[in-house]
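Derivation of every value follows stated rules applied to the coordinates shown; laboratory data play no part. All figures in this text were calculated on a predicted structure; none of them were measured in a lab. Cβ coordinates were reconstructed from backbone atoms using ideal geometry, including for glycine residues, and neighbour counts include every protein chain displayed.
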Amino acid sequence: MRDRAGPASSAVTVAEPERPQFDAIVVGAGPAGSAAALELARAGHSVALLERGPFPGSKNVYGGVVYGRILDELIPGWYDEMPVQRWVTRRQTMLLDGERSMTVDFRSQSWGRAPYNGATTYRAEFDDWLAGHAQKAGAVLVPSTVATRLLRTERGRIVGVRTDRPDGDLTAKVVIACDGVNSFLAKQAGLFPGDQAAHTTLGVKETLALPARTIDERFGVSGHEGVDIEMLGCTQGIPGGGFLYTNSDTLSVGLVLGLQGLAKSGKRPEEVLAELKRHPSIQPLVRGAELVEYSAHLIPEGGYDTMPQLVGDGLLVAGDAAAMCLAAGIWLEGVNFAMGSGMYAGRAASKALSSGDLGALREYRGLLESSFVLADHKKLRKAPELVLSERVQQRYPGLVCDLVELMFTVENPKPKPGVRKLLRASAKRNGVKMRELARDALTGLRSFG
Amino acid sequence: MNQRYGDVSFEDRMSHVDFRVAEQPHIVVDTDVCRSCTTKTCVHACPANLFVPTAEGGILFNYEQCFECGTCYLMCDGGNAISWSYPDGGQGVVFRHG
């Protein structure tokens with residue numbers, strides 16, 4: 001049997017290679033890996049970019065939108081060539097409770113014009129495009145190849161990876177692990193302690209075909225404009241949320257479910273998703289659409305406090321492997337953090353290689369801290385916990401819907417009650433103490449401020 | 001497994017996913033351990049519905065239509081009942097619209 005990568009796989013000890021085959025090996029041709037390989041190749045270093053799928057993106061799933069601002073730096077003019085489904089010009093946050101929903105709906109036509117904000121895309125196309133740039137810059141893409149183990153010297157320095165190919169050991173001066181949420185390489189290096197299940201969610205998604213014109217009509221957009229809807233209160237008590245976004249002629253609708261909550265619930269993921277699709281606010285949007293793909297993937301949602309060590313001896317970790325998904329309720333981002341961290345990992349590695357001092361790899365963390373990657377995560381470190389808390393998940397959607405319903409239900413001849421009184425009544429009805437509400441509001445302000 | 005949720009049967013749901021099935025399984029379940037597992041979380045948490053409880057209290061597992069997500073090994077309550085790895089390079093699920 002070929003060598004394999006899994007939770008039980010471990011690093012192998014090897015002699016220090018006299019002449020490493022590559023300057024750098026990047027494991028995983030997702031957005032983090034391709035960004036890292038691109039930076040390294042541009043700086044003139046030899047790079048192998050390993051991908052376990054038959055092509056970049058084939059193992060990857062995401063929940064919505066690629067925010068392209070970091071691409072300005074990586075690939076100037078990216079928006080004229082990136083494989084885009086639709087540019088998001090309309091963004092909604094929806095709270096669902098029973099048969100009710102309350103939506104904040106924002107539209108900006110300028111998001112549909114250069115330099116754009118966010119786009120929907122298929123990862124099979126997007127990741128392949130980004131990896132293509134790394135290749136054009138000189139990186140060697142090696143698809144259909146699993147990096148199964150780290151190669152480590154007796155002194156503990158990482159000097160390459162074992163792959164599942166015959167005679168598959170590849171050596172390099174630096175290894176960058178962009179091997180995704182399960183990151184067996186970061187675990188082999190001992191960088192990833194802690195209870196991963198506690199802060200990992202399962203994403204399930206259906207891609208549903210619908211004619212472009214029908215999508216335009218149902219979602220109030222036209223041409224290349226698109227919609228991104230983020231939902232709360234649609235997961236039947238399991239901590240998590242939902243999403244629905246438009247592609248050219250498909251919709252993507254899905255859920256993110258906390259693993260432990262899912263385990264406790266005894267429910268099946270697609271059962272919870274089917275229930276969301278029956279909600280009166282969602283059903284008219286997805287009606288008659290034909291399933292073209294069902295997909296699932298894990299998401300590292302714990303944020304800053306659950307990240308692994310980012311730098312090992314001869315090793316850097318980036319993207320989902322470093323738990324860099326930002327799941328902060330109103331902000332749900334991941335691909336941009338992967339690209340950003342990969343880019344800085346590539347830069348730090350490039351500098352270390354050029355100077356011949358591998359100690360310079362430690363500058364990776366500083367580059368991340370002075371950019372959005374760790375600055376956003378640090379600022380929002382309390383947000384994942386708040387967003388996944390019992391009150392936000394199970395009580396506030398009902399509270400908000402009650403409040404709005406009480407405000408707009410006309411009870412003539414009774415006079416209108418004051419909003420403060422309605423708020424108190426709504427809080428009470430949903431088992432929320434005003435003190436708790438005030439405290440969460442303050443926590444929210446502090447974490448999002 | 002032909003449970004229906006909404007308008008799609010599970011079989012139908014999975015028939016829309018592209019899999020390059022390897023000859024060797026990449027997941028092996030030690031069903032002796034499963035017999036003493038009271039929660040069997042894998043049975044309902046696996047998004048591909050690959051774990052089926054048997055009448056004897058064990059688990060029947062099919063690896064062919066696996067999303068390779070990792071939910072099962074992270075949630076397994078039965079010690080090391082699930083030996084999990086990625087499939088060999090190029091094998092397994094191929095997402096087109098992920």
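Diffusion coefficient (Stokes-Einstein, Kirkwood radius over C-alpha pairs, 4 °C, 1.567 mPa s) for the protein assembly as shown: 54 µm²/s, rounded to a whole number. Taken residue by residue and averaged, Cβ atoms of other chains lying within 10 Å of the Cβ of A:293-304 number 5. Taken about its Cα centre, the protein assembly as shown carries a charge dipole of roughly 1960 debye when the Cβ of each Lys and Arg holds +1 and the Cβ of each Asp and Glu holds -1. Normalised by the number of residues in region A:198-300, the average gap of Cα pairs under 8 Å and 6 or more apart makes the relative contact order 42 percent.
If you place +1 on the Cβ of every Lys and Arg, -1 on the Cβ of every Asp and Glu, and leave all else neutral, what size is the dipole of region A:198-300 about its Cα centre, to the nearest 20 Debye?
400 debye
Here each label is just a point 7 Å from Cα along the line to Cβ, and for residue A:438 and residue A:385 those points are 2.2 nm apart. Applying 1/(1 + (r/R0)^6) with R0 = 25 Å to the Cβ-Cβ distance of residue A:167 and residue A:18 gives a FRET efficiency near 0.90. Projected onto their three principal axes, the Cα atoms of region B:4-94 cover extents of 35, 35, 21 Å, largest first. Here residue A:414 is the anchor, and the lysines within straight C-alpha reach of less than 30 Å, apart from those fewer than 8 places off in the same chain, are A:428, A:433.
A dipole drawn for region B:1-82 from +1 and -1 charges on Cβ atoms has a positive end, and of B:82, B:38, B:60 the residue lying farthest that way is B:38.
Mean partner shielding of peptide A:197-204, defined as the number of other chain Cβ atoms within 10 Å of each residue Cβ, is 4.
Projected onto the charge dipole of the protein assembly as shown (+1 at Lys/Arg Cβ, -1 at Asp/Glu Cβ, origin at the Cα centre), which of A:48, A:329, A:354 gives the Cα projection farthest towards the positive end? The one lying farthest along the dipole's positive direction is A:329. Remark: mean inter-chain Cβ contacts per residue of A:111-123 equal 1, using a 10 Å Cβ-Cβ cutoff to other protein chain atoms. In a simple Cβ point-charge model (Lys, Arg +1; Asp, Glu -1; nothing else charged), region B:4-94 has a dipole of about 220 debye relative to its Cα centre. Taking all Cα pairs closer than 8 Å and separated by 6 or more residues, the relative contact order of chain B comes to 37 percent.
Return the percentage of antiparallel bridges among DSSP beta bridges fully within chain A, rounded to the nearest 5 %.
On the way: 55 of 80 bridges.
Rounded to the nearest five, the antiparallel share is 70 percent.
Between residue A:358 and residue A:330, take the C-beta separation as r, use R0 = 51 Å, and let me know the FRET efficiency to the nearest 0.05. That gives a FRET efficiency of 0.80.
Pairs from the table (A:205/A:267; A:59/A:382; A:267/B:40; A:136/A:173) lying more than 24 angstrom apart at Cα are A:59/A:382.
Put +1 on the Cβ of each Lys and Arg and -1 on the Cβ of each Asp and Glu in region A:389-448; which of A:392, A:418, A:404 then has its Cα farthest toward the positive end of the dipole? Toward the positive end, the furthest listed residue is A:418.
Taking other C-beta atoms within 10 angstrom as a stand-in for reagent exposure, A:122, A:67 fall in the order A:67, A:122, fewest first.
Which GluC sites (Glu not before Pro) in region A:372-449 sit in a loop by DSSP (not H, G, I, E or B) and have at most 12 other Cβ atoms within 10 Å of their own Cβ?
Passing both the DSSP loop test and the Cβ count: A:411.
Ordered by the number of other Cβ atoms lying within 10 Å of each residue's own Cβ, fewest first, A:351, A:136, A:267 fall into the sequence A:136, A:351, A:267. The H on the amide N of residue A:159, modeled in the peptide plane, is under 5 Å from the matching H of A:151, A:152, A:153, each at least 5 residues off or on a different chain. When both region A:403-427 and region A:78-101 are represented by their alpha-carbon centers, they are found 32 Å apart. The relative contact order of chain A comes to 20 percent, based on Cα pairs under 8 Å that sit 6 or more residues apart. When each of B:15, B:85 is scored by the number of other beta-carbon atoms lying within 10 Å, the sequence from fewest to most is B:15, B:85. Label region A:198-300 by shape, choosing from rounded, prolate and oblate, from the square roots a ≥ b ≥ c of the eigenvalues of the Cα gyration tensor; if a/c is under 1.5 it is rounded, and otherwise prolate applies when a/b is larger than b/c, oblate when it is not. Judged from the Cα gyration tensor, region A:198-300 comes out prolate (a/c at least 1.5, a/b above b/c).
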